[in-house]
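Only one structure is covered here, and it is reproduced in the block below.
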Amino acid sequence: MEAPLQITFRDVASSAAVEERIRAEAAALDQCYGRIIRCRVVVEMPHRHHHQGKLFAVCVDLTVPGRELVVGREPTDHHAHEDVYVAIRDAFEAARRQLENYARRERADTKHHAGAAEGRVARLLRDLGYGFIETADGREVYFHRNSVINGRFDQLASGMPVRFAEELGEKGPQATTVRLGHTPRPAARSVP
């Protein structure tokens, strides 16, 4: 995961052991889908009036190209979530299922994405992990290194042709997926 993991504790004391478990679970999510842009985890103990023990709630908020996936695991009545580690495990299992479903849909969308726009890499800010694509009509579209399919960001160079899917982001147009474009090969010559 390239972006830092953000862990927040609400109404419960922080713990190095709990943070380590969350980091391990987040790393496993990154193995499942390597294009996670951001991961935020909140561990809390909601104020409830139960006669039994206190229950933990864990929320996992993932930002992926073009989408945000949120899993809020409220404590259940069977009290398994009296153990913070069980609550963390259940929340990350649900996040993993959502991430797998998202990846499956993304692969299906990519296969049928015949109308991808074409452009050229206008500028690369390699150290910062992003760049801009110049479209055929002269616009510039932002893209992040995590938007480049198959992690091929380091293979990009200014002027390279690319195909991309675009959406309107908070600060303007942004590419949700970027593929290296195909340059036409010279025709093969037959030898007499």
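The values are calculated or read from the model by the stated rules, or taken from the named source; none is laboratory data. Model, not experiment: these values are computed from the prediction. For neighbour counting, all protein chains shown are included, and Cβ atoms are generated from backbone atoms with ideal geometry for every residue, glycine included.
Quick notes
- Among the residues making up region 118-149, those that are among the aliphatic types (A, V, I, L, M) and surrounded by 14 or more Cβ atoms within 10 Å (Cβ to Cβ) are Val121, Ala122, Leu124, Ile133, Val141, Val148, Ile149.
- Some residue of region 181-191 being more than 17 Å from Glu106 (Cα to Cα), out of contact with any Ser or Thr (no Cβ under 9 Å at 6 or more places or on another chain), modelled with pLDDT of 80 or more and surrounded by 10 or more Cβ atoms within 10 Å (Cβ to Cβ): no
- Flag for Leu168 being more than 24 Å from Tyr102 (Cβ to Cβ), outside the structural domain of Asp30 (by TED's automatic domain parsing) and part of a strand (DSSP E or B): no
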